[in-house]
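S.K.: For reference, the structure I am asking about is given below.
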Amino acid sequence: DAGERTGQAGTEGNERAVVLYERLGFRHVPMDEVTVVVKRKPGAPAMLVRAGEERDLEALAAMHAVRAAGARFTLRRTASLIGYALAKKRMLAGLGPPGLRQLEFFVAEEGASAVAYVVLSENANGWTLEEAGDRDPAGARLGGMLQVLLEREPSRPAPLIRAWWPRSFTVPPQVELADRTDARDLFMLRPLGDVAVPARAEDVFYWRSDYF
C-alpha cells in the first residue's frame, strides 16, 4: 500500500509539473520506457566484445546518424557529444559512494572497427541501458553483445534492464521489449521559434544518455 501511495503521489506531482511548465511555453516530449529482456543461451556467443575507447566515438556517431535519419526529433550526435555524455555518466558514478553505481561502455569489433556498442549504468536495482547502436540493420550484434555481458555471471539471475528505447530503433532478434510505458522522467522543451514539438513517441529518437 505504501508503494502504491508513493507512486500515486509521484504521478500527481508529475501532472502538476506538466501543467506549470506548459503555462511557461514548454511542451512534453513523449518517449517510451521499456524492460529489455535478453534471451539467454548456454555459453556466450562467439564474438569480440571489448571496452569502448575514445577512438570508437566516430563510429558510434556514424551509427546514430543512420538510425536516427528519419526521426523528426533527435540530436545530431557528434563524436564529441557522445564523449561528453559518457564523461557525465562516469563523473556521476565516480562521485557516489563506492559500489553504488557503475558505468560500462562496450563495443563489438570487426576488422579493428566498432560495429556495435552499448552503454550501461549498473546499480543494486539492475541495469539502465543508456544508449546503444549497431551497424547491422537487424541489430543482431547488439543482441549478441547483451548475451555476452549476461554470461559473465551465468549462475546469477538476469538483472532488470530498463531503457528509453526509440520506437524506430530495431529490436535485436535476441531481445524482447516488455512493460512499455511512458517515460517516468518528464522531458519538456520550450521551442524558441515556430517549431512543433513531436506529439508521438514514433517521431522521437532520443537516448537517456543525452538527457541525464
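S.K.: Looking at Glu33, is it open to solvent by less than 40 Å² (accessible area, probe 1.4 Å) and either over 26 Å from Val175 (Cα atoms) or under 15 Å from the mean Cα position of the chain (by Cα) (or both)? Even if it seems obvious, please write down each step before you answer.
M.R.: Working: open to solvent by less than 40 Å² (accessible area, probe 1.4 Å): yes; either over 26 Å from Val175 (Cα atoms) or under 15 Å from the mean Cα position of the chain (by Cα) (or both): yes.
Here the answer is yes, as Glu33 does meet what is asked.
S.K.: Of Ala68, Ala85, which residue is open to solvent by less than 20 Å² (accessible area, probe 1.4 Å) and touching a strand residue (DSSP E or B) at 6+ places or on another chain (Cβ under 7 Å)?
M.R.: Working: Ala85 fails: touching a strand residue (DSSP E or B) at 6+ places or on another chain (Cβ under 7 Å).
Answer to the check: Ala68.
S.K.: Next question, about the same structure. Mind telling me which of the residues Glu130, Glu104 ends up being within 16 Å of the chain's Cα centre (by Cα), open to solvent by less than 30 Å² (accessible area, probe 1.4 Å) and over 30 Å from Pro198 (Cβ atoms)?
M.R.: Working: Glu130 fails: over 30 Å from Pro198 (Cβ atoms).
Residue meeting the stated conditions: Glu104.
S.K.: In the range 146-168, which residue that is small (Gly, Ala, Ser) and part of a loop (DSSP other than H, G, I, E, B) is nearest to Val34 (Cα to Cα)?
M.R.: Initial filter on the range 146-168 (small (Gly, Ala, Ser)): 155, 158, 163, 168.
Now narrow it down to the ones that are part of a loop (DSSP other than H, G, I, E, B): 155, 158, 168.
Numbers: Ser155: 25, Ala158: 16, Ser168: 14 Å.
Ranking the candidates gives Ser168 first.
S.K.: Return only the number of the condition from (1) touching a Lys or Arg at 6+ places or on another chain (Cβ under 6 Å); (2) within 17 Å of Leu60 (Cβ to Cβ) that Ser209 does not satisfy.
M.R.: Unmet condition: (1).
S.K.: Now, a different point. Within the range 110-127, take every residue that is hydrophobic (A, V, I, L, M, F, W, C) and open to solvent by 10 Å² or more (accessible area, probe 1.4 Å) and give me the one that is farthest from Arg50 (Cα to Cα). Steps first, answer last, please.
M.R.: We begin by selecting, within the range 110-127, every residue hydrophobic (A, V, I, L, M, F, W, C); these are 112, 114-116, 118-120, 124, 127.
Checking which are open to solvent by 10 Å² or more (accessible area, probe 1.4 Å) leaves us with 112, 124, 127.
On the way: Ala112: 11, Ala124: 23, Trp127: 18 Å.
If we take residues in the range 110-127 being hydrophobic (A, V, I, L, M, F, W, C) and open to solvent by 10 Å² or more (accessible area, probe 1.4 Å), then Ala124 is farthest from Arg50 (Cα to Cα).
S.K.: I've got another one for you. Quick one: how many residues across the range 186-197 are open to solvent by less than 60 Å² (accessible area, probe 1.4 Å) and in contact (Cβ under 8 Å) with a residue 40 or more places away in the chain? Write out each step before concluding.
M.R.: The initial filter retains those residues of the range 186-197 that are open to solvent by less than 60 Å² (accessible area, probe 1.4 Å), namely 186-189, 191, 193, 197.
Next cut, in contact (Cβ under 8 Å) with a residue 40 or more places away in the chain only: 186-189, 191, 197.
Of the residues in the range 186-197, 6 are open to solvent by less than 60 Å² (accessible area, probe 1.4 Å) and in contact (Cβ under 8 Å) with a residue 40 or more places away in the chain.
S.K.: Let me ask something else. Hey, does the range 38-54 have a residue that's buried (at least 16 other Cβ atoms within 10 Å of the Cβ), under 21 Å from Ala183 (Cα atoms) and touching a strand residue (DSSP E or B) at 6+ places or on another chain (Cβ under 8 Å)?
M.R.: Checking the range 38-54: at least one residue is buried (at least 16 other Cβ atoms within 10 Å of the Cβ), under 21 Å from Ala183 (Cα atoms) and touching a strand residue (DSSP E or B) at 6+ places or on another chain (Cβ under 8 Å).
S.K.: Regarding Glu12, is this residue open to solvent by 30 Å² or more (accessible area, probe 1.4 Å) and modelled with pLDDT under 95?
M.R.: Working: open to solvent by 30 Å² or more (accessible area, probe 1.4 Å): yes; modelled with pLDDT under 95: yes.
When the stated conditions are applied, Glu12 passes them.
S.K.: Taking Asp210 as the residue in question, decide whether it is closer than 22 Å to Ala93 by Cβ and open to solvent by 20 Å² or more (accessible area, probe 1.4 Å).
M.R.: Values: closer than 22 Å to Ala93 by Cβ: yes; open to solvent by 20 Å² or more (accessible area, probe 1.4 Å): yes.
Criteria met by Asp210.
S.K.: Working only within the range 79-117, note down all residues that are assigned to a strand (DSSP E or B) and farther than 17 Å from His64 by Cα.
M.R.: Quick first cut of the range 79-117, residues assigned to a strand (DSSP E or B) only: 101-110, 113-117.
Scanning the range 79-117 gives Arg101, Gln102, Leu103, Glu104, Glu110.
S.K.: Now a separate question. Filter the range 105-145 down to the residues that are of a type outside the set (A, V, I, L, M) and free of Cβ contacts under 8 Å to residues at least 24 places away in the same chain, then identify the one that is nearest to Ala163 (Cα to Cα).
M.R.: Here is the first cut: in the range 105-145, the ones of a type outside the set (A, V, I, L, M) are 105-106, 109-111, 113, 117, 121-123, 125-128, 130-131, 133-137, 139, 141, 143-144.
Those left that are additionally free of Cβ contacts under 8 Å to residues at least 24 places away in the same chain: 111, 123, 136.
Working: Gly111: 29, Asn123: 14, Asp136: 20 Å.
Out of the qualifying residues, it is Asn123.
S.K.: Residue by residue through the range 173-187, note down the ones that are modelled with pLDDT of 90 or more, farther than 17 Å from Leu120 by Cα and not small (Gly, Ala, Ser).
M.R.: Filtering the range 173-187 down to residues modelled with pLDDT of 90 or more leaves 173-181.
Narrowing the set further to residues that are farther than 17 Å from Leu120 by Cα leaves 173-174, 176, 178-181.
Across the range 173-187, the qualifying residues are Pro173, Gln174, Glu176, Asp179, Arg180, Thr181.
S.K.: Continuing with the same structure: Taking the range 37-65 as the region of interest, how many residues are over 20 Å from Arg208 (Cβ atoms) and outside any loop (DSSP other than H, G, I, E, B)? Let's see the steps before the verdict.
M.R.: Our first condition is that a residue be over 20 Å from Arg208 (Cβ atoms); within the range 37-65, this holds for 39-51, 53-55, 58-59, 62.
If we keep only those that are outside any loop (DSSP other than H, G, I, E, B) as well, we get 49-51, 54-55, 58-59, 62.
Counting residues in the range 37-65 that are over 20 Å from Arg208 (Cβ atoms) and outside any loop (DSSP other than H, G, I, E, B) gives 8.
S.K.: Output the number of the condition that Glu176 fails; it satisfies all remaining conditions of (1) over 14 Å from the mean Cα position of the chain (by Cα); (2) under 12 Å from Asp32 (Cβ atoms); (3) open to solvent by 60 Å² or more (accessible area, probe 1.4 Å).
M.R.: (2)
The values are calculated or read from the model by the stated rules, or taken from the named source; none is laboratory data. These figures come from a predicted structure and were not determined experimentally. With ideal geometry, Cβ positions are generated from the backbone for all residues, glycine too; neighbour counts draw on all protein chains shown. Areas reflect the complete protein model, heavy atoms only, side chains present, ligands, DNA and RNA absent. Shrake-Rupley method; radii C 1.70, N 1.55, O 1.52, S 1.80 Å.
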